[in-house]
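The values are calculated or read from the model by the stated rules, or taken from the named source; none is laboratory data. Being a predicted model, the structure only gives us computed values, none of them experimental. Here the Cβ positions follow ideal geometry from the backbone for every residue, glycine too, while neighbour counts run over all protein chains shown.
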Amino acid sequence: MAWSLGVPKESLPGERLVALVPDVVRRLVKEGASVRVESGAGAGAYIPDSDFTDAGATITDRAGAFASDVLVKVQPPSDEEIALMKHGGAYIGFMRPLDAPDRARRLAAHGTTALAMELVPRISRAQKMDALSALSSIGGYRAVIMAAMHLPKFFPLLTTAAGTVRPSNVLVLGAGVAGLQAIATARRLGARVSAYDIRDAAREEVMSLGAQFVELEIEMGDMQDSGGYAKALVEEKAKQQVELLVPHIGKSAVVVSTALIPGRPAPLLISEAAVKAMAPGSVIVDMAAANGGNCALTKPGEIIVTHGVTIIGATNLPADMPVHASELYARTLLAMLLDFTNENGFTENLDDEVFTGSCVCRGGEVVNERVKKLLES
């Protein structure tokens, strides 16, 4: 008997992605899944219901999608959505477990086995499941495109009959996946690009893309954790970093900030003094806005102009590119589903480090140690 896989319509305002796309549905149907897609789930990504039915899915109502054996989503489930989920079922999707640990407790109480896409370990075998990197890359690209739209200047060097236009200076703060894509995109648009990261290991990647690596006179040591993320700076060094960045920010027409540390507020990198140092008409795209922002003046979800500088508090840039974002995210979910389901449905594998690394709750309990500690504090 086929096991059921639910794909609901995302309810968070502004979210246009859908968890699965028709090509992935077709593959899962061949694997024995009975895929239930809520009517209109793909509308934001320009996928009509008919494309899902052609792929072998059944179009259903909201209750039908949530009552499936396995549920896949983009945004973390709300309390109302958890209540609709099948008791004892499985959930695979984003959860923000380190930012909202209470959600894990509610899922555990519901008897749900939940795998958080944010917690997929950064190992070679799990690269195909790395949804964070897939969507961060889209976000980095989109951030630069938005900056170019708001900047009242050209990005590239232009030589015209009326004279020469100098290229714009673009500074990228944080050279992770999003930052590297931002660098590459700004370079393709012809800007003069520099980048800063507290991890010395990022220097080679930045320079390989043709950007200049910004050096600050701070003794950092090893600033990368075992998961490949930047570590938090101690308070004294963090203040020093902010002060030393001011002149670099001040001479930039565009700053794209991407610095995030899982489970923590976004680190402050751009002070009000740095914003004041920028020329009128300059642009900041704060990709860390959802976690408070890297800029002291950022207003999450808003575009404001302060001291003559446009500050974009972007909270969900992949949603501006829902077609490719949905395709890439669906492929990461497909990889998870192929590893942790069989002809009988969802299957736990406690010997698999991807499963144990991403599993937040099972058997009625929160099992992820980091989430448990947050709930106990």
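Some observations on this one:
- Scanning region 323-377 for residues that are outside any helix (DSSP H, G or I) and of a type in the set (A, V, I, L, M), we see that the one that is nearest to E31 (Cα to Cα) is L350.
- Only one entry of I304, I261, I284, I311 meets the criterion of being touching a strand residue (DSSP E or B) at 6+ places or on another chain (Cβ under 7 Å), at pLDDT below 95 and either of a type outside the set (S, T, N, Q) or not in a helix (DSSP H, G or I) (or both), and that entry is I261.
- Residues that are within 13 Å of the chain's Cα centre (by Cα), of a type in the set (A, V, I, L, M, F, W, C) and buried (at least 22 other Cβ atoms within 10 Å of the Cβ), drawn from region 310-346: A314, L317, A319, A325
- You will find that of A143, A126, the residue that is among the aliphatic types (A, V, I, L, M), surrounded by 20 or more Cβ atoms within 10 Å (Cβ to Cβ) and not in a strand (DSSP E or B) is A143 and no other.
- Residue within region 84-104 that is at pLDDT 95 or above, of a type in the set (S, T, Y) and closer than 12 Å to K9 by Cα present: no
- Every residue from region 70-109 that is crowded, with 21+ Cβ neighbours inside 10 Å, basic (K, R) and in contact with a strand residue (DSSP E or B) (Cβ under 8 Å, 6 or more places away or on another chain): K73
- Subset of region 56-72 (residues that are within 28 Å of the chain's Cα centre (by Cα) and within 19 Å of N344 (Cα to Cα)): A57, A65, F66, A67, S68, D69, V70, L71, V72
- Exactly one residue out of V246, V255 is surrounded by fewer than 23 Cβ atoms within 10 Å (Cβ to Cβ), of a type in the set (V, I, T) and at pLDDT 95 or above: that is V246.
- Answer residue from region 260-308, given it is small (G, A, S) and buried (at least 24 other Cβ atoms within 10 Å of the Cβ) and is farthest from G139 (Cα to Cα) among those: A274
- Here I303 clears all of (1) of a type in the set (V, I, T); (2) in the same structural domain as L12 (by TED's automatic domain parsing); (3) farther than 25 Å from R106 by Cα except the condition numbered (2).
- Among residues of region 263-291 that are closer than 16 Å to A238 by Cβ, those with a beta-carbon under 8 Å from a residue that is assigned to a helix (DSSP H, G or I) and among the small types (G, A, S) at least six positions away or on a different chain give the pairs A266/A289; P267/A238; L268/A238; A274/G250.
- Listed here are the strands (runs of 3 or more DSSP E) enclosed by region 1-69 that have at least 2 residues being crowded, with 21+ Cβ neighbours inside 10 Å: 3-7, 33-38.
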